[in-house]
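Working notes for the structure below.
Throughout, read-outs are computed from the coordinates displayed, never taken from laboratory work. Since this is a predicted model, take the numbers as computed values, not measurements. Heads up, the Cβs are rebuilt from the backbone with ideal geometry, glycines too, and the neighbour counts pull from every protein chain shown.
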Amino acid sequence: MRAQLAFALPAVRSWAATHDSLREITRADVLATLPRSGQPRATAVQGLRSIFRILRARKLVFTNPTFRIHVSARP
């Protein structure tokens, strides 16, 4: 769990400066904060997915903005 949070932390920190809640995060926000490609992108998406999946299951957000963001296994 710590690793997942560590992967997502840069994106969450950047959103904290511009958004009041994670409910305001859109797919465009997610795509804008992700690294261009490679392993950093894959781990960031994985971390964000796990956070939004938990929040969605607990009904704290309405949608999961990481839904259908595909990351290839190889760059």
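Toward the positive end of the charge dipole of the chain, with +1 on the Cβ of Lys and Arg and -1 on the Cβ of Asp and Glu, the farthest Cα among LEU9, THR43, LEU31 is that of THR43.
Charge dipole of the chain (Cα centre as origin; +1 on each Lys and Arg Cβ, -1 on each Asp and Glu Cβ, all else neutral): 300 debye, rounded to the nearest 20. Once the convex hull of all Cα atoms in the chain is built, its volume per residue stands at 87 Å³.
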